[in-house]
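Only one structure is covered here, and it is reproduced in the block below.
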Amino acid sequence: MIARKSHAERRIREYVAKVGSKWKHEIVDLDTGEIMHEWWETHSRQSPTEKQKFVKDGTNSKVVGFYKVYYDNWSDIIDKKQLSFQEIGVLMSLMRFINWESNYLVHPKTGENLNLSELAKLLKTSRSDLSQYVDRLHSKGLLAKVSTGGPGFPNHYILNSNILFRGNKIKDISEHIRFTKDCEYTPAKDITYKERE
């Protein structure tokens, strides 16, 4: 099935500015001036002196933000009882931290990748309780742990982009590819993404 774009597409622009040693990104509605999304990066592919580029997200002007939950794949998970109600709750809670055009879990204010301790603090739960559910989601292929070093270093996390996503294009296609090879979860329908240029 081919998805059609809304007739009321927003005209938006991504602004990039260096603030100290970090880069601040803002997605701004050109008609209203509303900041639709912002995030921080320690490194940026685009310097503020480069020509600013237009990015369209395809939402209408009344929508503040959105997630795509892929119906066929989510229904398959529910129908086959692949997750307990508690695991569904944790997965839905982790959705809160999905980055724009990337399924890394990031801090909503700083845009920095979150480790388990930081996630537990933001979710107001214990690290040990959250760890059990994160391990279960990982073993079922619904979440990837990204090592930041050797033993003793914290992991970062990516939610499976075959189930849900936030945005239209993906910043780094390798984040999605990791869920297509050697993953415990096999989606009912394969999802494809275009990489943001």
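Just to be sure, is Arg178 under 16 Å from the mean Cα position of the chain (by Cα) and within 19 Å of Val69 (Cβ to Cβ)? Spell out how you get there, then give the answer.
Numbers: under 16 Å from the mean Cα position of the chain (by Cα): yes; within 19 Å of Val69 (Cβ to Cβ): no.
In short, no.
Being touching a helix residue (DSSP H, G or I) at 6+ places or on another chain (Cβ under 7 Å) and not small (Gly, Ala, Ser) is the filter here, so list the residues in the range 176-193 that pass it.
Glu184, Pro187, Lys189, Tyr193
Can you confirm whether the range 174-181 contains a residue that is at pLDDT 90 or above and surrounded by fewer than 18 Cβ atoms within 10 Å (Cβ to Cβ)?
Quick first cut of the range 174-181, residues at pLDDT 90 or above only: none.
No: zero hits.
Criterion first (in a strand (DSSP E or B) and closer than 29 Å to Thr192 by Cβ) does Leu105 satisfy it?
On the way: in a strand (DSSP E or B): yes; closer than 29 Å to Thr192 by Cβ: yes.
Spelling it out, Leu105 is indeed in a strand (DSSP E or B) and closer than 29 Å to Thr192 by Cβ.
Could you go through the range 144-155 and let me know if any residue there is crowded, with 19+ Cβ neighbours inside 10 Å, at pLDDT 95 or above, under 28 Å from Glu195 (Cβ atoms) and not aromatic (Phe, Trp, Tyr).
The initial filter retains those residues of the range 144-155 that are crowded, with 19+ Cβ neighbours inside 10 Å, namely 144.
If we keep only those that are at pLDDT 95 or above too, we end up with none.
Among the residues of the range 144-155, not one is crowded, with 19+ Cβ neighbours inside 10 Å, at pLDDT 95 or above, under 28 Å from Glu195 (Cβ atoms) and not aromatic (Phe, Trp, Tyr), which makes the answer no.
Please determine whether any residue of the range 68-87 is modelled with pLDDT under 95, touching a Gly at 6+ places or on another chain (Cβ under 9 Å) and surrounded by fewer than 19 Cβ atoms within 10 Å (Cβ to Cβ).
Yes: one or more hits.
Check Ser131 against each of (1) assigned by TED's automatic domain parsing to the domain that holds Gln86; (2) part of a loop (DSSP other than H, G, I, E, B) and name the one condition it does not meet.
Of everything listed in (1) assigned by TED's automatic domain parsing to the domain that holds Gln86; (2) part of a loop (DSSP other than H, G, I, E, B), Ser131 misses just condition (2).
For the range 147-175, give me each residue that is in a helix (DSSP H, G or I) and free of Cβ contacts under 8 Å to residues at least 40 places away in the same chain. Explain how you work it out, then say what you get.
Going through the range 147-175, the residues in a helix (DSSP H, G or I) turn out to be 174-175.
Scanning the range 147-175 gives a single hit, Ser174.
The values are calculated or read from the model by the stated rules, or taken from the named source; none is laboratory data. Remember, it's a predicted structure, so these values are computed and weren't measured experimentally. Neighbour counts are summed over all protein chains in view; Cβ atoms, including those assigned to glycine, are modelled from backbone coordinates with ideal geometry.
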